[in-house]
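K.L.:
Attaching a single structure in structure tokens format; questions to follow.
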Amino acid sequence: MSLIVQKFGGSSVANAERIFNVADIITGTYKQGNDVVVVVSAQGDTTDDLIAKAQEINENPSKREMDMLLTAGEQMSASLLAMAIEKLGFPVVSLLGWQAGFLTSSAYGSARIKRVVPDRIQKELDKKNIVIVTGFQGVNRYNDMTTLGRGGSDTSAVAIAAVMKADLCQIYTDVDGVYTADPRKVPNAKKLDVISYNEMLELATLGAQVLNNRSVEMAKKYNIELEVLSSLTRKRGTIVKEANKMEKMLISGVAKDEDVARISIIGVPDRPGLAFKIFSKLSGKNINVDIILQSVGRNGTKDISFTVGRSNLQDALDILTPYVEVLGASGIVHDETVAKVSIVGAGMESHPGVAADMFEALFESNINIRMISTSEIKISVLIDQADADRAVTAIHNKFFSDVAM
Ligand code: ADP
Ligand code: ASP
Ligand code: MG
């Protein structure tokens, strides 16, 4: 007998028919003699709809009340799924995050899982129940409900798999695996049979929403193998695991992130310490900075440009605009019409020329690069948002047009 954790995303439980489809997968696994713990997301667009409802009432609600509201989405889908399983004649119980032992930090809206105490889950499994747990939520030290950030149900599933030492952790979604690019945008994207934690982590962080990046981070930390698969087609999916015996692919995928804004501080005096001052101001407010570009000093001044997430743009401008004068810089400008397109691949480390191929693909499509950043296994470019989809396709064609997988 094995312990199997299965996570179902919002589209997999979007309506009654889909809920019964999922109930069938779960009870099928249970009938084979396995213990089954299920993590569910809110149905379809419920989370977005709840956010819109909140906006109708108060455009700036407290994060605590937002979490109180958003946790309701998963409560609905968990109970409905449990009712479907009851109807099929199987023993089942649904649990909220706090009942399932998810203890989190107190950061409403982006709480971190501190610990999972799965006593209640275990008790229910011992009673031979199928256990359904609400994803995306936990409880903080004030006994308030918290949420883990958008897409957080993946992390809930991996956390349960890690703490209960599950034999298998399956992430069911609306595509049948991890592809070399978003298969909804790039029709000739190819499904990967397997991908390493590090590459998946980069892809997820760089915009491939198929897995939440924190879930991959946690899977890597606790060495939990994940399978990403479709709840609709029931084909084998993509395995996410440690790289050791895997053949290194040159490039494993192309990702796009439109949640980017660029800020430039113009005419910064060319003296030591100013970059430090700018970026420590931002980190003091927990604002993550991504690509950074500093121009060569000329006439004693230089420009410093960097990107932040769009949700942090206003905060970053509020902090830095009054500071421009203090720095002795001449101005600050920003641009929200940009996007980041990246390639990820463990093989690029040992293959010079990957960057040149990527830039050639952009040149051939007449797409201008505004900023570039690289690491051992990724290259990102900042371009105009209007060019982003064309860029993904052009880059994807460059690297994958004739690869058989
Ligand atoms: P769920 O609700 O199941 O969590 P998500 O919408 O969060 O599903 O993630 C699945 C979506 O991720 C797919 O529908 C697909 O459009 C998108 N996606 C983006 N990049 C990739 C990729 N490289 N491989 C597979 N899917 C991707
Ligand atoms: N329902 C939440 C969201 O839409 C969590 C999730 O789907 O993972 O972000
Ligand atoms: Mg998701």
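K.L.:
Just by accessible area at a 1.4 angstrom probe, what is the order of E59, E199 from largest to smallest?
P.N.:
Working: E59 140, E199 15 Å².
Accessible-area ranking of E59, E199, largest first: E59, E199.
K.L.:
With every protein chain kept in place and ligands, DNA and RNA left out, what is the accessible area per residue of segment 287-385? Probe 1.4 Å, answer in Å².
P.N.:
Values: 4940 Å² over 99 residues.
Ligands and nucleic acids excluded, the figure is 50 Å² per residue.
K.L.:
Hey, if you put +1 on the Cβ of every Lys and Arg and -1 on every Asp and Glu Cβ in the chain, which of M1, I160, N21 ends up farthest toward the positive end of that dipole?
P.N.:
Comparing the listed Cα positions along the dipole, M1 ranks first.
K.L.:
For the pair L168 and D389, what calculated FRET efficiency results from E = 1/(1 + (r/R0)^6), where r is the Cβ-Cβ distance and R0 = 35 Å, to the nearest 0.05? Please list the in-between numbers first.
P.N.:
Details: r = 35 Å, r/R0 = 1.01.
So, using R0 = 35 Å, E works out to roughly 0.50.
K.L.:
In debye to the nearest 20, how big a dipole does the chain give about its Cα centre with +1 on each Lys and Arg Cβ and -1 on each Asp and Glu Cβ? All intermediate terms of the calculation are to be shown ahead of the outcome.
P.N.:
Numbers: 44 positive and 49 negative charges, 197 e Å.
Taking the Cα centre of the chain as origin, the dipole is about 940 debye.
K.L.:
Go through R390, R141, R115 and list them by solvent-accessible area, largest first, probe radius 1.4 Å.
P.N.:
Working: R390 115, R141 180, R115 145 Å².
Largest to smallest exposure gives the sequence R141, R115, R390.
K.L.:
I would also like to ask the following. Quick one: Karplus J couplings for segment 130-142, per residue in order, coefficients 6.51, -1.76, 1.60, θ = phi - 60°, nearest Hz, x for Gly and Pro?
P.N.:
Calculated HN-Hα couplings, in order: 6, 10, 9, 10, 5, x, 6, 9, x, 10, 9, 6, 8 Hz.
K.L.:
Okay, next question. Looking at segment 260-308, which trypsin sites (Lys or Arg not before Pro) are in a loop (DSSP not H, G, I, E or B) and have at most 14 other Cβ atoms within 10 Å?
P.N.:
K285
K.L.:
Using Cα positions and a limit of under 20 Å, work out the aspartates and glutamates in reach of K165, with same-chain residues fewer than 8 apart set aside.
P.N.:
D35, D119, E124, D126, D154, E217, E225, E227, E242
K.L.:
Ignoring ligands, DNA and RNA, what accessible area per residue does segment 1-48 give at 1.4 Å, in Å²? Each step should come with its number before you reach the end.
P.N.:
Working: 1720 Å² over 48 residues.
Value for segment 1-48: 36 Å² per residue.
K.L.:
Sticking with this structure for a sec: Quick one: Karplus J couplings for segment 320-331, per residue in order, coefficients 6.51, -1.76, 1.60, θ = phi - 60°, nearest Hz, x for Gly and Pro?
P.N.:
8, 4, x, 8, 4, 5, 4, 6, x, 7, 9, x
K.L.:
Still on this structure: Against the longest alpha carbon principal axis of the chain, how many degrees, from 0 to 90 and to the nearest 10, is the axis of helix 354-364 turned?
P.N.:
Once rounded, one gets 80 degrees.
K.L.:
Can you tell which of G300, N244, N188 lies farthest toward the positive end of the dipole of segment 162-305, using +1 and -1 charges on the Cβ of basic and acidic side chains (Lys, Arg; Asp, Glu)?
P.N.:
G300
K.L.:
What pairs from K114/K241; K7/K285; K7/K87; K190/K378 go past 29 Å between their alpha carbons? Show your work: numbers first, answer last.
P.N.:
Numbers: K114/K241 23 Å; K7/K285 34 Å; K7/K87 20 Å; K190/K378 19 Å.
Over 29 Å Cα-Cα: K7/K285.
K.L.:
If I fit a long axis through the Cα atoms of helix 16-31 and take the longest principal axis of the Cα atoms of the chain, what angle between them do I get, 0 to 90°, rounded to 10?
P.N.:
70 degrees
K.L.:
Among the chymotrypsin sites (Phe, Trp or Tyr not before Pro) in segment 303-405, which ones are in a DSSP loop with at most 14 other Cβ atoms within 10 Å of the Cβ? Mind listing them? Intermediate values should be presented prior to the final figure.
P.N.:
Working: sites: F306, Y323, F359, F363, F399, F400; in loops: none.
Passing sites in segment 303-405 do not exist.
K.L.:
Can you list the residues of segment 68-111 with backbone N under 19 Å from a point 7 Å past the Cα of D126, pointing along Cα to Cβ?
P.N.:
Only 91-95, 99-102 fall inside the zone, counting backbone N under 19 Å.
K.L.:
Calculate the dipole size of segment 47-127 relative to its Cα centre from +1 charges on Lys and Arg beta carbons and -1 charges on Asp and Glu beta carbons; express the result in debye to the nearest 20. If you can, show how the numbers build up before the last one.
P.N.:
Details: 10 positive and 11 negative charges, 85 e Å.
Here the size comes out at about 400 debye.
K.L.:
Keeping all protein chains in place and using 1.4 angstrom, which order do H351, H396 fall into by accessible surface area, from largest down? Write down the numbers at each step before the final one.
P.N.:
Working: H351 95, H396 0 Å².
Correct descending sequence by accessible area is H351, H396.
K.L.:
Another question, if that's okay. Give me the distance in nm between label points sitting 7 Å out from Cα along the Cα-to-Cβ direction at A243 and S295, one decimal.
P.N.:
3.7 nm
K.L.:
Out of V392, M358, A316, whose Cα points farthest toward the positive end of the dipole of segment 261-405 (charges: +1 Lys, Arg; -1 Asp, Glu; placed on Cβ)?
P.N.:
So the residue furthest toward the plus end is A316.
K.L.:
With a cap of 15 neighbouring Cβ atoms within 10 Å, and only residues DSSP puts in a loop, list the chymotrypsin sites (Phe, Trp or Tyr not before Pro) found in segment 139-195. Show your work: numbers first, answer last.
P.N.:
Details: sites: Y142, Y172, Y179; in loops: Y142.
For chymotrypsin sites (Phe, Trp or Tyr not before Pro) across segment 139-195 that sit outside H, G, I, E and B with at most 15 neighbouring Cβ atoms in 10 Å, the list reads Y142.
K.L.:
Rounded to the nearest percent, how much of the accessible area of the chain (1.4 Å probe, protein heavy atoms only) is carbon and sulfur?
P.N.:
Values: 9350 of 19250 Å².
Percent of accessible area from carbon and sulfur atoms in the chain: 49.
K.L.:
What angle do you read, to the nearest 10 degrees and between 0 and 90, between the alpha-carbon axis of helix 153-163 and the longest principal axis of the chain?
P.N.:
Helix 153-163 sits roughly 60 degrees off the main axis of the chain.
K.L.:
For segment 69-126, what is the accessible area per residue in Å², given a 1.4 Å probe and the full set of protein chains? It would help to have the intermediate numbers written out before the result.
P.N.:
Details: 2740 Å² over 58 residues.
Solvent-accessible surface per residue comes out at 47 Å².
The values are calculated or read from the model by the stated rules, or taken from the named source; none is laboratory data. If you're wondering where the values come from, they're calculated on a predicted model, not measured in any experiment. All Cβ positions, even for glycine, are placed from backbone atoms using ideal geometry, and neighbour counts span all protein chains on display. Accessible surface is based on the protein model in full, side chains and every heavy atom, while ligands, DNA and RNA are left aside. Shrake-Rupley method; radii C 1.70, N 1.55, O 1.52, S 1.80 Å.
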